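Working notes, beginning with the structure itself.
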Amino acid sequence: GDIVLLAKPVTLTEGDRVTLTTDVPVATDGTSKPEKLLYAVSLPPVHGQIEHINYPGMPISSYSQLDVVAQKVSNVHDNSHGATKE
């Protein structure tokens, strides 16, 4: 079926961390099973990384909708002094 992904921009300043929630992003594929959706990080943040909260400091390349619902995924700014916002 069709996949719909709605995402809201998130602004991080130096050293910030934001936990992804079902507000950012939310997706559906028309199968009535959103818990089975998997996200792939095809373009990681320039000044930081996407992390699973159980493994801080280790970037991840994919995560599930269940991880988002459980608030287990964060976008972390890497404290780059040359980049105050991302």
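The values are calculated or read from the model by the stated rules, or taken from the named source; none is laboratory data. All figures in this text were calculated on a predicted structure; none of them were measured in a lab. Here Cβ is always computed from backbone atoms with ideal geometry, including for glycine, and neighbour counts include all displayed protein chains. Please note that ligands, DNA and RNA were not included when accessible areas were found on the heavy atoms of the full protein model with its side chains. Shrake-Rupley method; radii C 1.70, N 1.55, O 1.52, S 1.80 Å.
If you check Gly57 against the conditions, is it within 21 Å of Ser80 (Cα to Cα), out of contact with any Ser or Thr (no Cβ under 9 Å at 6 or more places or on another chain) and open to solvent by less than 60 Å² (accessible area, probe 1.4 Å)?
Yes: the conditions hold for Gly57.
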Within the stretch 24-41, is even one residue in a loop (DSSP other than H, G, I, E, B), open to solvent by 70 Å² or more (accessible area, probe 1.4 Å), farther than 21 Å from Lys8 by Cβ and modelled with pLDDT of 90 or more? no
When you look at Lys85, is it at pLDDT 75 or above, touching a Leu at 6+ places or on another chain (Cβ under 9 Å) and open to solvent by 60 Å² or more (accessible area, probe 1.4 Å), yes or no? no
